[in-house]
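Just so you know, all these numbers are worked out from the coordinates, no wet-lab data involved. Bear in mind that the values here come from a model prediction, so they are computed numbers and not experimental data. Cβ coordinates were reconstructed from backbone atoms using ideal geometry, including for glycine residues, and neighbour counts include every protein chain displayed.
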Amino acid sequence: MELSKNYIPATAEDKWYKYWLDQQYFRSVPDERPPFTIVIPPPNVTGVLHMGHTLNETVQDILVRHARMSGFNACWVPGSDHASIATETKVVNMLKEEKGIEKSQLSREEFLRYAHEWKDKYGGIIYHQIKKLGCSVDWDRVNFTMDDHYYKAVIKVFVDLYNKGLIYRGARMINWDPKAKTALSDEEVEYKELNGKLYHVKYAVVNAAGEATGEFITIATQRPETIMGDTAICVNPDDERYAHLKGHFAVVPLVNRKVPVIFDSYVDKEFGTGALKVTPAHDINDYNLGLKHNLEVVDTLNEDGTLSAAAVVFVGEDRFRARKKVVAALQEQGLLVKEQEYATRLGYSQRNPDTVVEPRISTQWFVKMADLAQPALDAVVNGDVKIHPGDRFMATYKYWMENVKDWCISRQLWWGQQIPAWYDDNGQFVVAATHEEALALYEQQFGVTRTSLRQDDDCLDTWFSSWLWPVEVFHGISRPDNEDINYYYPTSVLVTGQDIIFFWVARMIMAGLEYKHVKPFSDVYFTGMVRDKLGRKMSKQLGNSPDLLELIERFGADAVRFGIMISSPAGNDLLFDEASCEQGRNFNNKMWNALKLVKMWTPVENTGAPVPEFAVEWFENRLNEVHAEVEKLFKDFRLSEALKAIYSLIWDDFCSWYLEWIKPGFEQPIDAGVYEKTIGFYERLVQLLHPFMPFVTEELYHLLRDREAGDDLVIRQFPAPAPAHHAILVEGALAKEVISSIRDARNKNQVKPKDTVGLHIETRHENAFHRIESIIAKQVNANAVAYTKEAVNGAIALVVQKDKFYLVTEREVDTAAQKEQLLKDLEYQKGFLKSVENKLANERFVQNAKPEIVEAERRKQSDCLAKIQAIEESLKTL
């Protein structure tokens, strides 16, 4: 068939993905092979894949395809997360904009019907993108965290943990999202450094009888809108300024409430005025002070962030508008002393990034984390679960696990698993999976028979469902000890972003150890954050995150995969530039043109021409060397480095060197044995590259030769890497260096490529060149190669390693230019020698560096000295 000018991605991608699915190559069922299992971090059903997802899914596909081609039964489970806050927000907005309906107008059942319709409409977008990217997931195993089996598993775990005393219900200070009107866990609050203001406010002091003393006490607050909730003024007992105020009271401005002056060492005498307003309902530290001193709690905020009736003034105003009005009122009454610029940290809702989180006392459900955390900490510390790169994230993981707080798991939402707590009219409750079980348990517990109980309105935190993901995608909670869970669990690798190490990774380890008594995965590979080429985090707000499908349409899926992987070392942030996708597209075309070149050749037995045996032998060893290197890099999860090694092998060693070394003359045949070897090399190259760039490699594989049914690259098994012979690799490297140097010398001396030259080599080791001299002669257009023991007059002279080369041409040589070049080379070599000698003179380096590194530096020193000597001798001949 006639090949197109360039590789056309769209044609190959649609064809091969459909073919792979038709052949069920991605489908996995338990068999006698060892399993290699990955569960996809379930993306939110609300969105589309951003570049972070693209990196994550590409890494997983590389690992899965490599495992599939290495004899493993590879199983990659896809799925999505119901994302309670994000999805409910989307559905609420849709109902308001499209149907003019408020959530409050609907029953829970009606709202959930709309939510499921919304999920069915938009939930498939991400799966379409995953397919376009070429991901080899098992589409028969798609899971959703609100699937019936999954829902039941979450409820089963809640009931079990409650019965074990690890879940409790209580009034605690929690993080509140006023926009979503729901509680958040500590990990769902993101803190930002901001410039704020401290407002210094005067409180009138009164004695125990309520009589004004004429004195004022000044406090400094960032949040004057909470003044109406003050229930005490607190000072340090060692602060002499306020010692006389024992037994006195302060009058809260605007509401004229009399509150006690209390003394506690918690207050920092040096901060602000040394006096602290205590608002137990709106600050965690104030809350703790309130508990200690038995203070009243006055909650001045509604759930939507407006001032409540308890505030007395500015009721119904938004908290930030109320702040301005409070400041104005204080100023009017002469109680505002001053405003001061102040650097502060403010917590924002991760789910609603524009919303400032409010501390709020609320009755919620919590998981006791300490007992669950310890085994999960031990599993990572003792290496049972390995983190990559461990040096960066181990300390962070340990710190969080050693200081873990109880987890607030209830959310004031409808989209999610409804909390299985059942209440009577007096607030007494039981916890049970179903209404029927709850009625029976209630009778057993309270001795009263009831026909109905009211289920808790709240639903569970999304992470409370996703922490079961590696277990329940195989029905390990809902159907314990089934064939799949026993075969595929524990999974092999978790690939995820570093930003959810606590939300998800740590909790999955906890759940896996609690319910399967085995770690959920052996390795955790953290991808870095994808940033734009200016170093900014990609976001919708900045408009710097490209559309994945548009990128694939422009460059092809393989080129996009290449572009994001070539610059993404494990755990490190990567700067994504579309130029790297262009590099991937050029790589596709390079391989395509190599195929076209090889297909032009006519293989013939016994052509009579010299057979380039060394070229074949060298490339086979080079291929073996890189194959072994790539396997080691896969074991170490250094995938970007593995891609770079394969890229260099194909672009440089195969296309730029090997094909040129074996290429027959114009319209001349190629030796059949060499041709067959070359096709075999090309097959191994595309096999090595396939996990990274699956479409183009499958296309090339089938164009190289006719294939029998089932002979497809996607399932072709890697051969065991053969050992590489170092001596042959050294010879090949010498040939490349000599050819490059001679070509450079010809160019600098304006010797045209078509002009032949005579080549004379001055060396102490003629044997080093005997197997490569014919290749060198062909590549530099030398009509003869001769060996000499002295300089050749009138020739272009150059030094490569420790040897001298002389090019004899018909035109006169510019010795002055040669001398100038040799002097430059000499200066460079002397500078390089000095840097090496400085390193070797450093006792700390010699003592602490690995012996092989020190030895490498000594070899550099020896080689450099020899090269300097050769250059100096050449200069003498000029």
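Listed values, structure above:
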item	result
Long-range amide H partners of Val800 with built H, under 5 Å	Phe805
Per-residue [θ]222 nm for the chain (sum of -39500 (n - 2.57) over DSSP H runs n ≥ 4, rounded to 500)	-13000 deg cm²/dmol
The range 129-206 versus the range 592-631: alpha-carbon centroid distance in Å	58
Stretchable slack from Asn482 to Asp523, in nm (0.36 nm times residue separation minus alpha-carbon distance)	12.4 nm
Gyration tensor verdict on the range 750-877 (Cα atoms; rounded if a/c is under 1.5, prolate if a/b is larger than b/c, oblate otherwise)	prolate
Long-range Cα-Cα pairs in the range 182-359 (distance over 26 Å), rounded percent	28
Partner lysines for Lys839 [C-alpha distance under 17 Å; skip if fewer than 8 residues away on the same chain]	Lys830, Lys850, Lys860
Full-extension gain in nm, His293 to Ala171, via 0.36 nm per residue minus C-alpha separation	42.1 nm
Linear extension gain, Thr788 paired with Glu190, 0.36 nm per residue minus alpha-carbon span	207.9 nm
Among beta bridges that DSSP assigns inside the chain, antiparallel share in %, nearest 5	70
Listed peptides 229-235, 782-788 by packing density, highest first (mean Cβ within 10 Å)	229-235, 782-788
For the range 418-462 versus the range 373-405, the gap between their alpha-carbon centres in whole angstrom	37
R0 of 56 Å, Cβ-Cβ distance Glu708-Glu641: FRET efficiency to nearest 0.05	0.95
Whole-percent pair-distance distribution, where bins are 10 Å wide, for the alpha carbons of the range 548-724	9, 35, 35, 16, 4, 0
Set Lys119/Lys516; Lys18/Lys99; Lys192/Lys398; Lys18/Lys533; Lys386/Lys533 screened for pairs whose C-alpha atoms are more than 29 Å apart	Lys119/Lys516; Lys18/Lys99; Lys18/Lys533; Lys386/Lys533
Cut-off under 5 Å, modelled amide H: who pairs with Tyr787 long-range	Ile761
Derived scalar couplings ³J(HN,Hα) [the range 649-663; Karplus, 6.51 cos²θ - 1.76 cosθ + 1.60; whole Hz; x for Gly, Pro]	4, 6, 5, 8, 5, 7, 6, 7, 10, 4, 4, 5, 5, 9, 4
Ranked Arg507, Arg479, Arg351, criterion: other C-beta atoms within 10 Å, fewest first	Arg479, Arg351, Arg507
Phi-based couplings in Hz for the range 143-151 (Karplus 6.51, -1.76, 1.60; Gly and Pro marked x)	10, 9, 5, 10, 4, 4, 5, 6, 4
Order of Leu823, Leu807 under a 10 Å beta carbon neighbour criterion, fewest first	Leu823, Leu807
Estimated inter-spin distance, Tyr19 and Thr363, nm [label 7 Å along Cα→Cβ]	6.4
Residues of the range 676-720 with amide N under 19 Å of a point placed 7 Å along Cα→Cβ from Val611	676-682
Distance in nm between pseudo-label sites at Lys824 and Asn589 (7 Å out along the Cβ direction from Cα)	3.1
Cβ crowding within 10 Å averaged over residues, with 736-745, 654-663, 108-117, 487-496 ranked highest first	487-496, 654-663, 736-745, 108-117
Which label in [x] 116, 65, 50; [y] 144, 83, 65; [z] 113, 81, 48 gives the computed Cα extents along the principal axes in Å	[x]
Residues whose placed amide H lies under 5 Å from that of Arg257, excluding near-sequence neighbours	Val252
Order by protection proxy (mean Cβ within 10 Å, highest first), peptides 396-403, 517-524	517-524, 396-403
Footprinting exposure proxy for Thr89, Thr54 (fewest neighbouring C-beta atoms within 10 Å first)	Thr89, Thr54
Shape category assigned to the range 57-182 from the gyration tensor of Cα positions, a/c cut at 1.5	oblate
Shape of the range 472-611, Cα gyration tensor, a/c cut at 1.5	oblate
Karplus 3J(HN,Hα) series, Hz, for the range 497-512 with 6.51 cos²θ - 1.76 cosθ + 1.60 (x for Gly, Pro)	x, 5, 6, 10, 4, 8, 3, 10, 4, 4, 5, 5, 5, 4, 5, x
Calculated FRET efficiency for the pair Arg536/Lys850, C-beta based, R₀ 35 Å, to 0.05	0.35
